[in-house]
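One structure is given below, encoded as structure tokens.
Every read-out reported here was derived from the displayed coordinates using simple, explicitly stated rules and does not represent laboratory data. In this text the structure is predicted, and so the values were computed from the model without any measurement. Neighbour counts are summed over all protein chains in view; Cβ atoms, including those assigned to glycine, are modelled from backbone coordinates with ideal geometry.
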Number of protein chains: 2
Amino acid sequence: MKIAALAGGVGGAKLAQGLAEILNPADLSIIVNTGDDFEHFGLYISPDVDTVCYTLAGIANPDTGWGIAADTFQTFTALTRFGAPNWFKLGDIDLATHLERTRLLDQGESLTNITHHMCRKLGVTHSVLPMTDERVSTWVDTEEFGILPFQEYFVKYRFEPKCKSFLFKGIDEAEPGEQVLETLIGSDAVVICPSNPFVSIDPILALKGVRETIKRKFVLCVSPIIGGNAIKGPLAKMFLEFGYQPSPQAVIDHYQGLVDCILIDPDDNGEISSEARSSIMIHETEILIPDIAGRVRLAKEILDLIRIQL
Amino acid sequence: MKIAALAGGVGGAKLAQGLAEILNPADLSIIVNTGDDFEHFGLYISPDVDTVCYTLAGIANPDTGWGIAADTFQTFTALTRFGAPNWFKLGDIDLATHLERTRLLDQGESLTNITHHMCRKLGVTHSVLPMTDERVSTWVDTEEFGILPFQEYFVKYRFEPKCKSFLFKGIDEAEPGEQVLETLIGSDAVVICPSNPFVSIDPILALKGVRETIKRKFVLCVSPIIGGNAIKGPLAKMFLEFGYQPSPQAVIDHYQGLVDCILIDPDDNGEISSEARSSIMIHETEILIPDIAGRVRLAKEILDLIRIQL
């Protein structure tokens, strides 16, 4: 059974780790959002790809949701002494990823090949596929500051500004990454990880051919909303800003008929409309997965749900 | 008395430090070679400027001749785990300099302004002036590998290849740095530090107007050759490869009538031609200056020699 998972950063990485514990490398590919990528100090930084790779490698910092566990901040501390921008923290070991990626990109290597190479060096054997090898960048139109690059909205302004809309610059021209469509076509089911639909999953779905390909598959989604809140990040706030009550129902509505099955927290059951109940499968379970045991358990449930559909 | 010093890396930095201990910031400017500058991992690295700034700041690593004392190598170690090029070592604190310089260059700041800003942050109050704000790069034509970028010749190949010639790409179009000509014009004397004439001083002299301006000044040079050897680096080897015996006489000949006074080691006295003796001042003294006391002592002797000429 071949699975393609779509993921953003932290939430997506957690489920991807659970799936990777069970599935062989040949049977799992994780397609990762690159809309958050940006350049900082001349370096190309790919936050979601890094979070997924570090999590699969078992070196992610569990406390911060970014960076590498027990990383040091020698360079960053020296940067702050120069008065350099300090809103995006850069660990010393993490920096090596950005430096080597930038070097290889400058040599003309694709982000797909670079990610493959770095995964191997980190001991990650499953495929982590950047959604595209071209430059797509997410911008957030905010009430307070106008249009901001995503990382500024997200990190510098701590997602406090009110969102009016999102813009994925370059998305119409960008081709999906080398193996993305092929992987989706060859997959038996697609898992949409508990990532932010607006800024993590939508960019992937907006790439040429992706939504159409996924529509023909069995698509299972894990709700990124529990009890009206996002586990991490601005999703609940975004739903409210767009006039929706944050709930699994809002997630179902957002994905507009793409999803065949959604996993939700049992307490959120009352939020689901009868229309949704009659058209897709609602599976209630513990979807909060802070530890590896929970991630594996949820991954197993997902694979069981898929298995009975195929 | 206003002094302009011309310097490359380590040797130049040592004498510059001695001069800076005695002269007020208003009375000393150090014009530094940027031909060695290069891009590595997407970062703009200016090795001679860094060596001079770190030495003046009292944070240079005295053992290596590059980098910062007691720096750590967390990022570099992680880079080597990725199989990245490891021929140019990057300390963690040193990296902050390259990152912030690259960021500011990307913002359109000049290398002169950036160096000024970073000097202030490092506590350096004397003017360190990059020779140009434009891109000039030193290339070495070698017998074994053809034309190499300077850092590859120097660091990667440890200056083992045989030099045939040097090329300063961009030198004809480049303007001297913002304050370079003005500083030279306003100086009472020019000190050519004990740096490599071929690859550290010649690029500075080759910039528009520099040689002509210096010719009108009292120019004092400290021999970078002692007892037939360079204190550090490939200079003696270069002289031999070009068919000259490495000696202060070869240095005098190299500078072709530009120098009015040369400081040499007493043991090298026999190497000086009678022609040179009759045309320039030969001052014998201890020119090996490993420690700060020696640097200050030599700087005082230099200032005394200049004072009696003015």
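Only one of the listed residues (A:Glu286, A:Glu275) is among the charged types (D, E, K, R) and either more than 14 Å from A:Ser223 (Cβ to Cβ) or touching a residue at least 40 places away in the same chain (Cβ under 8 Å) (or both). That residue is A:Glu275. For the stretch A:237-260, the tally of residues that are among the hydrophobic types (A, V, I, L, M, F, W, C) and within 28 Å of A:Ile306 (Cβ to Cβ) stands at 6. Just one residue in the set B:Ile262, B:Ile292 is crowded, with 16+ Cβ neighbours inside 10 Å and either within 26 Å of B:Val140 (Cβ to Cβ) or in contact (Cβ under 8 Å) with a residue 40 or more places away in the chain (or both); that residue is B:Ile262.
Please go through the stretch A:58-81 and give me each residue that is touching a Gly at 6+ places or on another chain (Cβ under 8 Å) and β-branched (Val, Ile, Thr), ordered by number. Answer for the stretch A:58-81, where residues must be touching a Gly at 6+ places or on another chain (Cβ under 8 Å) and β-branched (Val, Ile, Thr): A:Ile68, A:Thr72. The set of residues from the stretch B:95-107 being in contact (Cβ under 8 Å) with a residue 24 or more places away in the chain and under 12 Å from B:Leu122 (Cβ atoms) comprises just one member, B:Thr97. Looking across A:Leu19, A:Leu15, A:Leu28, A:Leu23, one residue alone is more than 14 Å from chain B (Cβ to nearest Cβ), closer than 15 Å to A:Val191 by Cα and touching a Ser or Thr at 6+ places or on another chain (Cβ under 8 Å). It is A:Leu28.
Taken over the stretch B:123-165, residues that are within 14 Å of chain A (Cβ to nearest Cβ) and either surrounded by 16 or more Cβ atoms within 10 Å (Cβ to Cβ) or farther than 20 Å from B:Asp27 by Cα (or both) amount to 1.
Taking A:Gly227, is it among the small types (Gly, Ala, Ser) and more than 19 Å from the chain's Cα centre (by Cα)? Working first, answer last.
Numbers: among the small types (Gly, Ala, Ser): yes; more than 19 Å from the chain's Cα centre (by Cα): yes.
Here the answer is yes, as A:Gly227 does meet what is asked.
Going residue by residue through the stretch A:148-160, is there one that turns out to be under 16 Å from the mean Cα position of the chain (by Cα), under 22 Å from A:Val52 (Cβ atoms) and in a loop (DSSP other than H, G, I, E, B)? The answer is no, given that none of the residues of the stretch A:148-160 is under 16 Å from the mean Cα position of the chain (by Cα), under 22 Å from A:Val52 (Cβ atoms) and in a loop (DSSP other than H, G, I, E, B).
So which of A:Leu99, A:Leu79, A:Leu104 is buried (at least 24 other Cβ atoms within 10 Å of the Cβ), more than 18 Å from the chain's Cα centre (by Cα) and among the aliphatic types (A, V, I, L, M)?
Step by step, each of A:Leu99, A:Leu79, A:Leu104 is checked, and only A:Leu99 is buried (at least 24 other Cβ atoms within 10 Å of the Cβ), more than 18 Å from the chain's Cα centre (by Cα) and among the aliphatic types (A, V, I, L, M).
Scanning the stretch A:146-170 for residues that are touching a Lys or Arg at 6+ places or on another chain (Cβ under 9 Å) and under 15 Å from A:Leu207 (Cβ atoms) yields A:Lys169, A:Gly170. Scanning the stretch A:63-122 for residues that are outside any loop (DSSP other than H, G, I, E, B), more than 11 Å from chain B (Cβ to nearest Cβ) and of a type in the set (Ser, Thr, Tyr) yields A:Thr112, A:Thr115.
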